[in-house]
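Below: one structure, written as structure tokens.
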Amino acid sequence: MRRRAGVAMAGVAALAWGEWLNRRWSCALVGNGEGAAEAEAEAVVVLGYRNPQAAANFINRWRVRAGIRSIAADSARGTRVIFSGGAAGSGHAEALLMADYAKSGLSFDGTVLLEDRSRTTWENITNVIPLLEDADRIKIVSQPAHALKARAYLRRRRPDLADRLVRADDYRPGEWLVAKPLLALYGLWTLRGLKADERKVLP
């Protein structure tokens, strides 16, 4: 009985830790976006995940949904959604697959731009920069650790654009609950290459 209780407590602790860490990452290296006017231009960048098949996979479909729900109500007409990701092997570009899902699967009729050459997160950020120059608010959408890594890369490449970063809606309490401890462990591994000042957001 005690052993079962101990296992249950450990499980609850792991879920709480994963929830806390993913939330912490979602809030890191962003501004608060306060005082934004309706006329301001907003860019929502959705990062792709390796997708060798001919349709958007589960992770990319979730990222598309998170990107669309990240559009601020006060800037919906001035928002562009940028899908970023090249082809995995000889398949279709992730950006194209995500855009197709947004339009055909979610009936999204807003402004869509494609960046279809990137193979890495660094290339994602490098290649979308020209599409962000006139954006007043920038949101980067992915799993929280991956989005944080991308925000850190934008700060390295273009600190002036990074000053326009605000939170995306890619973290919600309870969403991916069971997977969050694993996502947290993977996030700690993938974020290990951040610079010292960027690693302040890590526990």
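Every read-out reported here was derived from the displayed coordinates using simple, explicitly stated rules and does not represent laboratory data. Owing to the predicted nature of the structure, the values given are computational and were not obtained by experimental measurement. Quick reminder, even Gly has a Cβ in these numbers, built from the backbone with ideal geometry, and neighbours come from all protein chains shown.
Give the lysines reachable from Lys195 as a straight Cα distance under 20 Å; neighbours fewer than 8 places away on the same chain don't count.
Correct list for Lys195: Lys149.
Nearest 20 debye, what's the magnitude of the dipole of the stretch 116-163 about its Cα centre given +1 on Lys and Arg Cβ and -1 on Asp and Glu Cβ? Let's see the in-between values first.
Details: 10 positive and 7 negative charges, 61 e Å.
Roughly 300 debye, rounded to the nearest 20.
Among Ala88, Ser118, Tyr101, pick out the residue whose Cα is farthest towards the positive end of the charge dipole of the stretch 81-135, where Lys and Arg carry +1 and Asp and Glu carry -1 on C-beta, about the Cα centre.
The residue sitting farthest along the positive end of the dipole is Ala88.
Between 0 and 90 degrees, rounded to the nearest ten: what's the tilt of helix 144-157 against the longest Cα principal axis of the chain?
That helix lies at roughly 50 degrees to the long axis.
Say a paramagnetic label sat at a point 7 Å from the Cα of Arg23, along Cα to Cβ; which residues of the stretch 169-192 have their backbone N under 18 Å from it?
169-185
Averaging over all projection directions, find the projected area of the Cα convex hull of the chain and quote it in nm² with one decimal place.
Working: hull surface 50.7 nm².
For the chain, the mean projected area of the Cα convex hull comes to 12.7 nm².
Suppose R0 equals 30 Å; then what is the FRET efficiency for Thr120 and Glu175 from their Cβ-Cβ distance, rounded to the nearest 0.05? Intermediate results must be reported in sequence, preceding the final value.
Working: r = 26 Å, r/R0 = 0.87.
It comes out at approximately 0.70.
Please tell me the relative contact order of the stretch 34-114 in percent, rounded to the nearest whole number, where contacts are Cα pairs under 8 Å and at least six residues apart. Walk me through the numbers before you get to the answer.
On the way: 132 pairs, mean separation 29.5, N = 81.
Relative CO of the stretch 34-114 lands at 36 percent.
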